[in-house]
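The values are calculated or read from the model by the stated rules, or taken from the named source; none is laboratory data. These figures come from a predicted structure and were not determined experimentally. All Cβ positions, even for glycine, are placed from backbone atoms using ideal geometry, and neighbour counts span all protein chains on display.
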Amino acid sequence: MKRASAILIPLLGLILLGGIVALAFWLFREFLAYLRAIPKELATSLVAGVVTILVATITVTVGRYYERKKELDALYRDKKTEIYDEFLKAFFAFYFAGGVSKAGEPEKDLVPFLREFTRKLVLWSGPEVIDAFVSWKDHLSKGTPDAQSIFLTEGFLVAIRKDLRHSNAALRRGFFARLFLKEGQLFLSMAERNPNVTLAEIAAVENRLKSEGRP
C-alpha cells in the first residue's frame, strides 16, 4: 500500500502539472488567435495593457517575497544571536573561572545548560554549527584536553560567526589561543610540532620556563 502511494502521488502531481501547462498553452494560443482577428491598433493596446499588468503583478509578488524573506532572516538572526550569546556567556564564565574539570569535561552544573543549548541548537542553528558543536563535545568527552580541544573550540566559534553572517576571512587559525590563552604563542608553536600535545604538557613547559626566569 505504501509503495503504491509513493508511486501514485508523484504520478498525480505530474498529471496535474501537465494539465496546467496544457491549459496555459491553450489560453495563449487562443489569445494569439483573438489578436489576429481584431484591428491592429486595438491588438497593440491590448498587448500593452496585458504586459503592464503582468509586469506590475510580478514586481509586486517578487517584492513581497523578498520583503518577507528579509523579515524572516532578521527574525532568525536575532534568535540565533540570543542563543549563541547566552551560550558564550556561560562558556566563558566557566572557562575563566576554571569550570572545566581536570578530565576535560564540563562540571556538572554546566550539563543541564548544555542539554538545553543542544535543544535550541537543533531548532535554530545551521548544519555547520551543529556539526562543529558535536565534534567539539565528542572530543572533550574523551577526557584528555589537548591542542585539538582548543582548535575544535575555535572551529565552533568560527561556525557560529558564519551562521550569523560575519566574515572570518581575516581570522587566522589559532586566534582563539592568542585571544584567551596566557601563553598563546607557546601553545601554537608546540601544537605545530605536535598536533596532539596535551594541555598538561604545555602547562609543564610554561612552569619550567617561569622557573628558569624566561619571559
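Per-structure values
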quantity: Residue ranges of helices (runs of 4 or more DSSP H) in the stretch 128-215 with at least 2 members surrounded by 15 or more Cβ atoms within 10 Å (Cβ to Cβ), of a type in the set (S, T, N, Q) and touching a residue at least 40 places away in the same chain (Cβ under 8 Å); calculated: 147-163
quantity: Residues of the stretch 85-98 satisfying the condition of being over 14 Å from THR153 (Cβ atoms) and at pLDDT below 85; calculated: ALA93, ALA97, GLY98
quantity: Members of the stretch 33-53 found to be modelled with pLDDT under 75, surrounded by 10 or more Cβ atoms within 10 Å (Cβ to Cβ) and in a helix (DSSP H, G or I), listed by number; calculated: TYR34, LEU35, LEU42, ALA43, LEU46
quantity: PHE113 vs. criteria of a type in the set (Phe, Trp, Tyr), within 14 Å of TYR84 (Cβ to Cβ) and either modelled with pLDDT under 90 or exposed (fewer than 15 other Cβ atoms within 10 Å of the Cβ) (or both); calculated: yes
